[in-house]
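Novice: Below you'll find the structure I mean.
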């Protein structure tokens with residue numbers, strides 16, 4: 001039996017329910033976060049909460065908890081109920097329940113749902129993955145972590161059907177990001193390139209950690225969008241996300257990266273990120 005948290009109550013996940021008039025169902029009117037936890041410790045919790053708060057403010061949805069500690073108490077009790085030490089946490093907040101109308105409802109309370117999940121087979125992808133390319137069909141506020149993910153879902157599925165682990169999206173011939181990850185390449189000068197943080201990408205929490213780690217290790221980071229020609233000339237490529245960490249990319253469409261060998265910079269960032277996360281666990 002697994003438990004989830006819904007609007008102040010812990011419920012058996014099988015029996016849990018929410019109104020059909022929830023605006024998340026009707027309009028995708030809500031936001032979410034996925035947070036990793038190890039040995040019961042929430043990783044990068046403050047970073048996730050900061051991004052969550054920004055998304056809620058941008059959508060004019062009231063923050064449904066009084067402070068960071070109150071949310072932590074809710075989450076830790078859920079982990080205890082589910083008897084889990086390692087995994088991931090899904091947290092979703094919608095505008096609330098109201099009669100279907102495109103206009104914001106008055107005096108409505110946000111709906112909050114939290115549950116835990118795990119992922120298998122993560123060790124296998126650390127040897128490198130294949131990436132596809134597709135046109136970026138998303139809206140122009142990708143910086144909001146909206147629960148409206150249909151464009152991502154469609155591209156991810158099409159990529160999977162073609163044998164790709166992930167798909168990187170292009171807007172005006174420039175790589176923005178993946179359907180579930182941020183995209184990076186390393187050029188011949190060992191400079192790390194990734195799309196700048198703006199409305200065209202989601203500013204990934206792991207992305208930000210990796211940029212900080214790179215800077216502290218004297219690796220030059222250039223936040224500038226790259227194109228297919230840059231990919232053809234690069235010496236390394238990798239992706240980042242909360243659920244995956246740093247993952248080497250060894251092939252993009254028919255372009256083989258570094259003879260399918262994991263590059264030194266990618267290896268360094270993989271190890272340094274693990275060190276950074278482990279420090280949070282044991283501090």
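The values are calculated or read from the model by the stated rules, or taken from the named source; none is laboratory data. Quick caveat, the model's predicted, so the values are computed rather than measured. Backbone-built Cβ (ideal geometry, glycine too); neighbour counts: all protein chains shown.
Listed here are the residues, each with its yes/no results for (1) within 27 Å of residue 147 (Cα to Cα); (2) crowded, with 19+ Cβ neighbours inside 10 Å; (3) free of Cβ contacts under 8 Å to residues at least 24 places away in the same chain; (4) not assigned by TED's automatic domain parsing to the domain that holds residue 134.
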| position | (1), (2), (3), (4) |
| --- | --- |
| 186 | no, yes, no, no |
| 195 | yes, yes, no, no |
| 233 | no, no, no, no |
| 240 | yes, yes, no, no |
| 246 | yes, yes, no, no |
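Novice: Just to verify a result, which residue in segment 171-184, among those that are in a strand (DSSP E or B) and in contact (Cβ under 8 Å) with a residue 40 or more places away in the chain, is farthest from residue 36 (Cα to Cα)?
Specialist: Applying the filter and picking the extreme gives 174.
Yes/no per residue for (1) modelled with pLDDT of 95 or more; (2) surrounded by 14 or more Cβ atoms within 10 Å (Cβ to Cβ); (3) under 15 Å from residue 114 (Cα atoms):
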position	(1), (2), (3)
34	yes, yes, yes
51	yes, yes, no
66	no, no, no
78	yes, yes, yes
89	yes, yes, yes
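Novice: Of the numbered conditions (1) touching a strand residue (DSSP E or B) at 6+ places or on another chain (Cβ under 8 Å); (2) surrounded by 13 or more Cβ atoms within 10 Å (Cβ to Cβ); (3) touching a residue at least 12 places away in the same chain (Cβ under 8 Å), residue 119 fails exactly one; give the number of that condition.
Specialist: Status for residue 119: all satisfied but (2).
Novice: A follow-up question, please. Is one or more of the residues making up segment 271-281 surrounded by 22 or more Cβ atoms within 10 Å (Cβ to Cβ) and assigned by TED's automatic domain parsing to the domain that holds residue 149?
Specialist: So far as segment 271-281 goes, no, none of its residues is surrounded by 22 or more Cβ atoms within 10 Å (Cβ to Cβ) and assigned by TED's automatic domain parsing to the domain that holds residue 149.
Novice: For segment 37-53, which residues satisfy the criterion of being touching a residue at least 12 places away in the same chain (Cβ under 8 Å) and either out of contact with any helix residue (DSSP H, G or I) (no Cβ under 8 Å at 6 or more places or on another chain) or assigned to a loop (DSSP other than H, G, I, E, B) (or both)?
Specialist: Selection gives 39, 40, 43, 44, 52.
Novice: Among the residues of segment 55-73 satisfying the criterion of being in contact (Cβ under 8 Å) with a residue 60 or more places away in the chain and either in the same structural domain as residue 198 (by TED's automatic domain parsing) or in contact with a strand residue (DSSP E or B) (Cβ under 8 Å, 6 or more places away or on another chain) (or both), which is nearest to residue 98 (Cα to Cα)?
Specialist: 59
Novice: Now a separate question. Consider residue 56 carefully, then state whether it is closer than 25 Å to residue 38 by Cα and surrounded by 13 or more Cβ atoms within 10 Å (Cβ to Cβ).
Specialist: Answer is no for this residue.
Results for (1) assigned by TED's automatic domain parsing to the domain that holds residue 270; (2) surrounded by fewer than 11 Cβ atoms within 10 Å (Cβ to Cβ); (3) closer than 19 Å to residue 179 by Cα; (4) without any contact (Cβ under 8 Å) to a residue 40 or more places away in the chain, shown as yes or no for each residue.
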{"residue": "93", "(1), (2), (3), (4)": "no, no, no, no"}
{"residue": "127", "(1), (2), (3), (4)": "yes, no, no, no"}
{"residue": "130", "(1), (2), (3), (4)": "yes, no, yes, no"}
{"residue": "133", "(1), (2), (3), (4)": "yes, no, yes, no"}
{"residue": "136", "(1), (2), (3), (4)": "yes, no, yes, no"}
{"residue": "148", "(1), (2), (3), (4)": "yes, no, yes, no"}
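Novice: Now for a separate question. Looking at segment 225-254 only, could you name the residues that are closer than 13 Å to residue 128 by Cβ and not in a loop (DSSP other than H, G, I, E, B)?
Specialist: 236, 237, 238, 239, 246, 247, 248, 249, 250, 251, 252
Novice: Consider residue 108 carefully, then state whether it is over 17 Å from the mean Cα position of the chain (by Cα), assigned to a strand (DSSP E or B) and either in the same structural domain as residue 11 (by TED's automatic domain parsing) or without any contact (Cβ under 8 Å) to a residue 12 or more places away in the chain (or both).
Specialist: Details: over 17 Å from the mean Cα position of the chain (by Cα): yes; assigned to a strand (DSSP E or B): no; either in the same structural domain as residue 11 (by TED's automatic domain parsing) or without any contact (Cβ under 8 Å) to a residue 12 or more places away in the chain (or both): yes.
Taking the combined requirement at face value, the residue does not satisfy it.
Novice: Taking segment 16-26, which residues are in contact with a strand residue (DSSP E or B) (Cβ under 9 Å, 6 or more places away or on another chain) and surrounded by 15 or more Cβ atoms within 10 Å (Cβ to Cβ)?
Specialist: 16, 18, 22, 23, 24, 25
Novice: Here are some residues: 199, 218, 190. Which one is outside any helix (DSSP H, G or I) and in contact (Cβ under 8 Å) with a residue 60 or more places away in the chain?
Specialist: Working: 199 fails: in contact (Cβ under 8 Å) with a residue 60 or more places away in the chain; 218 fails: in contact (Cβ under 8 Å) with a residue 60 or more places away in the chain.
Of the residues listed, the single one that is outside any helix (DSSP H, G or I) and in contact (Cβ under 8 Å) with a residue 60 or more places away in the chain is 190.
Novice: Could you please find all residues in segment 66-82 being more than 22 Å from the chain's Cα centre (by Cα) and either within 22 Å of residue 203 (Cβ to Cβ) or not in a helix (DSSP H, G or I) (or both)?
Specialist: Those that are more than 22 Å from the chain's Cα centre (by Cα) and either within 22 Å of residue 203 (Cβ to Cβ) or not in a helix (DSSP H, G or I) (or both): 66, 67.
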